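**Q** Please see the structure below; I have some questions.
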Amino acid sequence: MTVSEHGEPLPGRQVALVDLLDRLLSGGVVLTGDIVLSIADIDLVRISLRALIVSVSSEIAPARAQDGGRNEP
């Protein structure tokens, strides 16, 4: 919670999950992570995960504007 200049807490702003997802997807989200499976301090398997999540419509719209709006394969 944010505190005002006078020390009183400001009212919290509630954000709907749909609005949060819309903001994240419009700009894109990058997720990264590592998974390591080990036994007795010996690494057996290491997996590096990377994912880019972005709205499809934000990527398609500029391409259609460049080709004059034609729908060619």
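The values are calculated or read from the model by the stated rules, or taken from the named source; none is laboratory data. Everything numeric in this text was worked out from a predicted model, so none of it was measured. Neighbour counts are summed over all protein chains in view; Cβ atoms, including those assigned to glycine, are modelled from backbone coordinates with ideal geometry.
**Q** Count, please, the residues in the stretch 20-73 that happen to be surrounded by 10 or more Cβ atoms within 10 Å (Cβ to Cβ) and modelled with pLDDT under 60.
**A** 4
**Q** Within the stretch 5-19, track down each residue that is surrounded by fewer than 10 Cβ atoms within 10 Å (Cβ to Cβ) and either among the small types (Gly, Ala, Ser) or at pLDDT 75 or above (or both).
**A** Gly7, Gly12, Gln14, Ala16, Leu17, Val18
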